[in-house]
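Novice: Could you have a look at this structure, given as C-alpha cells, before my questions?
The values are calculated or read from the model by the stated rules, or taken from the named source; none is laboratory data. Note that the coordinates shown come from a computational prediction; the quantities given were computed from them, not determined experimentally. For neighbour counting, all protein chains shown are included, and Cβ atoms are generated from backbone atoms with ideal geometry for every residue, glycine included.
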C-alpha cells in the first residue's frame, strides 16, 4: 500500500498515523503545498490522506495551490483511490465533491464528544461517544450521496463516508501531545474563550487522552485500509 499525504502547514502532519503505516509496512510520501511541492501523479499512490490547516477551502487567491489540490482530490476519488480527509482535508473533499463549506455557528477547539448518526456503520460505532480533539471554525455540507456518520453538540457534520473509498473527519484522532502543542503555539489567536473553545491547559492536561484517540485512529485506519 502506497500512502500519500497532503500537508498544508509544517505543524499539521500525519501524527500518530506515521506509526500505523510503518507497522503495516506501507510506504509514505508527502506533498508539502506550503513549500511549493509539485502535484503528485495519480499513479504514484493507492491512498490519499488530506491533512488540516488554518486556511479555508476558498482561499485560492492567497494559496493558489488549493486549485490543484481540489483537482487532485476529485481525480483520486473518480479513480477509485481511497481518500481520507481530516479537518481542512474533510472540507476540501466535500468542496471537491460539490458540497458547500462555510463558517460553523461556533468555533470548536478542544475535547468534545461525538454522537453516532448511522448505528449500522462500523466507523460510526467506533466513533460513538468518543471524546475527541477538535480545532476548526468552518464546517461542510454533506456531499450528495454521503452517509452521515457522526455529529457533536457544536457541529452537526463531523464525519461522513462517500461510497466505499472516501471518508471525511472534521476532528483529529491523529493528534499527539507534540502536535497539539504545535497547534497551540501557531494558532493561539483562535483561543478566544468562546463556548466551545478550551484553553491550552485543558487541552494538554491529560496525555492519556491522546493515547486513547490515537488507538481509535488505528482502528479507523483498519476499517478504511483493512490490512493496516
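Novice: Surrounded by 24 or more Cβ atoms within 10 Å (Cβ to Cβ) and part of a loop (DSSP other than H, G, I, E, B): which single residue out of 144, 174 fits that description?
Specialist: Every option except 174 fails the conditions.
Novice: So, in segment 26-44, exactly how many residues are over 19 Å from the mean Cα position of the chain (by Cα) and either touching a residue at least 60 places away in the same chain (Cβ under 8 Å) or not in a strand (DSSP E or B) (or both)? Outline the logic, then answer.
Specialist: Applying the first criterion (over 19 Å from the mean Cα position of the chain (by Cα)) to segment 26-44 yields 26-27, 35-44.
Going one step further and asking which of them are either touching a residue at least 60 places away in the same chain (Cβ under 8 Å) or not in a strand (DSSP E or B) (or both), we end up with 26, 35-44.
Result for segment 26-44: 11.
Novice: Answer with yes or no whether residue 75 is more than 16 Å from the chain's Cα centre (by Cα), assigned to a helix (DSSP H, G or I), at pLDDT 95 or above and loosely packed, with under 14 Cβ neighbours inside 10 Å.
Specialist: no
Residues checked against (1) under 16 Å from residue 197 (Cβ atoms); (2) surrounded by fewer than 19 Cβ atoms within 10 Å (Cβ to Cβ):
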| residue | (1), (2) |
| --- | --- |
| 100 | no, yes |
| 103 | yes, yes |
| 107 | yes, no |
| 116 | no, no |
| 119 | no, yes |
| 125 | no, yes |
| 129 | no, yes |
| 132 | yes, no |
| 136 | yes, no |
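Novice: Sticking with this structure for a sec: Filtering segment 200-228 down to residues that are free of Cβ contacts under 8 Å to residues at least 24 places away in the same chain and within 22 Å of residue 137 (Cα to Cα), which residue is surrounded by the most Cβ atoms within 10 Å (Cβ to Cβ)?
Specialist: 200
Novice: Another question, if that's okay. Would you confirm, using the coordinates I've provided, whether residue 118 is in a loop (DSSP other than H, G, I, E, B) and in contact with a strand residue (DSSP E or B) (Cβ under 6 Å, 6 or more places away or on another chain)?
Specialist: Considered against the rule, which asks whether it is in a loop (DSSP other than H, G, I, E, B) and in contact with a strand residue (DSSP E or B) (Cβ under 6 Å, 6 or more places away or on another chain), residue 118 comes out as yes.
Novice: Checking the condition part of a loop (DSSP other than H, G, I, E, B) and buried (at least 17 other Cβ atoms within 10 Å of the Cβ), which residue from 154, 150 passes?
Specialist: 154
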